[in-house]
Amino acid sequence: MKRAPTLTVRAHAKVNLDLRVLGVRSDGYHELRTVFQTIELHDTLVCAERPGPFVLKCRAPGVPLDGENLVWKAAAGLWTALGRAGDVRDTTIAIDKKIPMQAGLGGGSADAAAALVALARLWIGPSRRVGADLTLIPLLREVAATVGADVPFFLSGGTALGLGRGEEIYPLVDLPPHWVVIVRPPFGVSTAEAYTWYDEDRAAGLREVREFQLLPVPWPSRAAQMINDLEPPVLRRHPEIGPLKVHLKEAGATAAAMSGSGSAVFGLFRSRTAAHRAIRPLSKNGAKATITRTVSRGEHERRGRPIARRR
C-alpha cells in the first residue's frame, strides 16, 4: 500500500503598486481599486494527510494555530465545498513563516491560497491538477473570496488589478522585472487599524495631496501610480515610516510607498547593485530590511505548484 504524499507549496508575498479607497460599501467594507504585484519573498507550507483532527503548525511567534488562521479557514471552506461532512480533519499543515506579519505583504492570504491549491490536489488527487482542470479554478476562487478579500489574487499572481473589496481580479501586463527592497519597522499595523484610522481622518476632514509616481519603464499600464490612500493615516500614527520611504528614494528607488495597510515600506530598483546599496543603512533601530524581486504571473504559476514527496 502506497503512503500518501506530502505536498510542499510556496506562498509568495505581494506589494501594492497602487491602492485607492473609493468609499464605504453598503455591506460595511471599503470599495477599493488596487494593483497587486507578486514578489519572490515567500512562506512554505507542508501539507500531509494524517488520521485525526486537523492540525496547523508554525514556529513563528504570534501566528494563530486555530480557526483564526486564514489557512484553517481556507481548509474548512474547501472541505465543505467538496461536500465533505463535519469539521475538516485528517490533514496537517506546517507553515515555515518568512513573510513578516502585519506588514501589508499579504502573508496570511498568500498562505491561505497556497493551502487551497495544495489541499485540492491532496484531497482530490493528482489527476485533477489545479490550473489544468478548469472545473477546479472557479471553485477555488469562490472559496478564496470567502476567506479574505485578497486571497483570490494569490491564486494567479503576477501584476493584477483588484476591484470591489479586492477580490475581483483582472490580470494586467506584468510589470517589467524589478528588485524590491522591503523595510519592516519594529511595529506592525493590522488591516483593521489602518482602515479605522483612514475613516477617522476622513471624518475629521483631513485630506492629502497625492504624490503621483509613474514608473519610468516601458509598461503599458498606467493603473499603478504608487499612491496608497492608507499611507497618510498610518504615517500620522507612526511617523517613523516617512524617513524610510525618503531613504529608499534617495538611494535610487524609481518609486517607493507603503504596501497595503502597512507597516512595511518598499522601493523598486532597476538593478540588484543599487538595491543592495540601499539596504545596508536601513536595518537599524529595530527595522528589518530585505531584498527580493518581482515575480511574473507565469513564474508564479510555475513556482506555486505543489511538489509531492513520499514520506
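The values are calculated or read from the model by the stated rules, or taken from the named source; none is laboratory data. Here the structure is a predicted model, which means the values were calculated and not measured. As a convention, Cβ positions derive from the backbone with ideal geometry for all residues, glycine included, and neighbour counts pool all protein chains shown. Surface areas here come from the heavy atoms of the whole protein model, side chains and all, with no ligands, DNA or RNA. Shrake-Rupley method; radii C 1.70, N 1.55, O 1.52, S 1.80 Å.
Summary table
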read-out: Only one of LEU45, LEU56 that is farther than 26 Å from GLU193 by Cα, touching a Phe, Trp or Tyr at 6+ places or on another chain (Cβ under 7 Å) and at pLDDT 95 or above; value: LEU56
read-out: Enumeration of residues in the range 62-76 that are under 17 Å from THR44 (Cβ atoms) and more than 17 Å from the chain's Cα centre (by Cα); value: LEU65, ALA75
read-out: Residue in the range 96-112 that is of a type in the set (A, V, I, L, M), crowded, with 19+ Cβ neighbours inside 10 Å and either free of Cβ contacts under 8 Å to residues at least 24 places away in the same chain or more than 30 Å from LYS288 (Cβ to Cβ) (or both) present; value: no
read-out: Pick from the range 68-94, criterion touching a residue at least 60 places away in the same chain (Cβ under 8 Å) and not small (Gly, Ala, Ser), ranking: nearest to VAL117 (Cα to Cα); value: LEU78
read-out: Residue in the range 153-160 that is open to solvent by less than 10 Å² (accessible area, probe 1.4 Å), modelled with pLDDT of 95 or more and under 26 Å from PRO53 (Cβ atoms) present; value: no
read-out: Strands (runs of 3 or more DSSP E) contained in the range 22-138 and holding at least 3 residues β-branched (Val, Ile, Thr); value: 30-53, 89-96
read-out: Which listed residue, of VAL9, VAL35, VAL15, is within 27 Å of GLY298 (Cα to Cα) and touching a Cys at 6+ places or on another chain (Cβ under 9 Å); value: VAL9
